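J.: This is the structure, below, for whatever I ask next.
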Amino acid sequence: MEYSDNDKIILWLSMGLGIGSFKFFDLMDYYGDIDGIWHNYDEKDPGIDFLSPKVKTALDKTKNMSYVNNCIKKWKEPKFVTILNNDYPMLLKETANPPIILYYLGEISAYDKCIGIVGSRRCTKYGLECTKKFAKDLAVRGITIVSGGARGIDTKAHEGAVEAGGRTVCVLGCGIDVVYPPENHKLFYNIAEGGGAIITEYHPGERPNPWHFPQRNRIISGMSSGLLVVEAGEKSGSLITAGIAAEEGRDVFCVPGNINSSTSKGTNTLIKNGACLVDCYQDIMFECGWHVKEKNKALAIDNFNNLNDTERTVVNAIIKNQNISIDELCVITGIDITELNSVITMLEIGGVISRMPGNILTI
């Protein structure tokens, strides 16, 4: 993948400045633009006293385009997008402290409708069931599920979206080449290969240090129009994420829990403090202003799972590629055009898909 000089300069800055964007924009203000930073940066410049001596030294030592190019060459697999790039997630860019660089596997662009789902690692069966249902119900309707890839609620949110044939984004608290937790290796692969993305602000090779995860949480809420908290104890990290979401003006949704369960103390408190109680995906869709017209019961998750393999392949392809032509669908699925037309007709009769002018298909 080819990167512009500006992308490479921002990569250099991220290696010296760490994860924040405040100092990046301070430098932009001082030097005028990216090019000005690169050509005029001087460790001894008194006008950049807002940088610590440690940061100044780090930037001075790595201010070498050959060094930056070697880093890109060495990392090979992960791609990256910078805050000035059009593919950078728009909602995240609008937050108070977005990362200046995101490494990713999969697809990074076109995440216009996202819901974050977070909760306890030590969750109950009830929490897992609720998470999977919400994730599936939202994902099958074109909503991207954003979570943190951790054990428990996060993992179940990603699994639900993948099983529904939808898209999900996993935000890591470590380098993109570090699989954590290790048992999610296959899940992460399926996410990236299924039209979703694995993303992180941390450089390749960085370990999952404990202080990374509170920082990671601002990306989950920042990418999302709303945040669903399924289960959370009184001191859960999910409450930090909910607080960040509220500060950024995002809707906070909570699944009510058993008043005698420690894993519901946090969520029930959020509800008492003004979070929106939800018990179905329609509640979230309504609050976010996403009014999706139901075709009939054939669109429901239970009936979606009862489709045969060929029908499910077609529906999944249309979900991932809304407003797709029959010819494009034929290429993507590899199904013979005669058989494909027959399947499309049956799905139309069932109300699962719609055909628009020009033989364009949509859910």
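J.: Whole number in Å², please: accessible area per residue of segment 90-183, 1.4 Å probe, ligands, DNA and RNA not counted. Please list the in-between numbers first.
T.: Values: 3170 Å² over 94 residues.
I get 34 Å² per residue for this part.
J.: Counting only trypsin sites (Lys or Arg not before Pro) that sit in a DSSP loop (anything but H, G, I, E, B) with at most 12 other Cβ atoms within 10 Å, what is the longest stretch of the chain containing none of them?
T.: On the way: sites that count: Lys44, Lys76, Lys235, Lys293.
Longest site-free region, per DSSP loop and neighbour criteria: 77-234.
J.: List the chymotrypsin sites (Phe, Trp or Tyr not before Pro) within segment 1-98 that fall in a DSSP loop (any state other than H, G, I, E or B) and whose Cβ has at most 15 other Cβ atoms within 10 Å.
T.: Numbers: sites: Tyr3, Trp12, Phe22, Phe24, Phe25, Tyr30, Tyr31, Trp38, Tyr41, Phe50, Tyr67, Trp75, Phe80; in loops: Tyr3, Tyr41, Phe50.
Within segment 1-98, the qualifying chymotrypsin sites (Phe, Trp or Tyr not before Pro) (loop, at most 15 other Cβ atoms within 10 Å) are Phe50.
J.: Which of Cys123, Cys170, Cys114 moves the most in a Gaussian network model of the chain with Cα springs under 10 Å?
T.: Comparing Cys123, Cys170, Cys114 in the GNM, the peak value goes to Cys123.
J.: I need the shape label for segment 175-223. Rule: rounded when a/c is under 1.5, else prolate if a/b > b/c, else oblate, with a, b, c from the alpha carbon gyration tensor. Before the final figure, lay out the partial values.
T.: Details: a/c = 1.93, a/b = 1.25, b/c = 1.54.
It is oblate, given that a/c is not under 1.5 and a/b is not larger than b/c.
J.: Going by the alpha-carbon gyration tensor, a ≥ b ≥ c the square roots of its eigenvalues, is the chain rounded (a/c under 1.5) or, if a/c is not under 1.5, prolate (a/b greater than b/c) versus oblate? Write down the numbers at each step before the final one.
T.: Working: a/c = 2.24, a/b = 1.44, b/c = 1.56.
Oblate, since a/c reaches 1.5 and b/c is not below a/b.
J.: Same structure again: Counting Lys and Arg as +1 and Asp and Glu as -1, each charge on the Cβ, what is the dipole of the chain about the Cα centre in debye, to the nearest 20?
T.: On the way: 37 positive and 44 negative charges, 219 e Å.
The dipole of the chain has a size of about 1060 debye.
J.: In addition: Would you mind pulling out the separation of the Cα centroids of segment 212-236 and segment 86-103, in Å?
T.: 16 Å
J.: Only Cα pairs within less than 10 Å get springs; with that Gaussian network setup on the chain, which residue of Asp26, Asp336, Asp283 has the largest fluctuation?
T.: Asp336
J.: Would you mind checking Lys79/Lys113; Lys23/Lys63; Lys186/Lys265; Lys136/Lys156; Lys133/Lys156; Lys54/Lys74 for any pair whose Cα atoms are more than 21 angstrom apart? Working shown, then result.
T.: Working: Lys79/Lys113 23 Å; Lys23/Lys63 17 Å; Lys186/Lys265 32 Å; Lys136/Lys156 10 Å; Lys133/Lys156 9 Å; Lys54/Lys74 25 Å.
Exceeds cut-off: Lys79/Lys113; Lys186/Lys265; Lys54/Lys74.
J.: Something else now. What does the C-alpha gyration tensor say about the overall shape of segment 1-149? Classify as rounded when a/c is under 1.5, otherwise prolate if a/b is larger than b/c, or oblate.
T.: Details: a/c = 2.48, a/b = 2.16, b/c = 1.15.
Prolate, because a/c is 1.5 or more and a/b exceeds b/c.
J.: Among Gly249, Leu187, Ile143, whose Cα projects farthest towards the positive end of the dipole of the chain, with charges put on the beta-carbon of Lys, Arg (+1) and Asp, Glu (-1)?
T.: Of the listed residues, the answer is Leu187.
The values are calculated or read from the model by the stated rules, or taken from the named source; none is laboratory data. Being a predicted model, the structure only gives us computed values, none of them experimental. Here the Cβ is made from the backbone with ideal geometry for all residues, glycine too, and neighbour counts use every protein chain on show. For the accessible areas, the whole protein counts, side chains as well, though only heavy atoms, and no ligand, DNA or RNA atoms are used. Shrake-Rupley method; radii C 1.70, N 1.55, O 1.52, S 1.80 Å.
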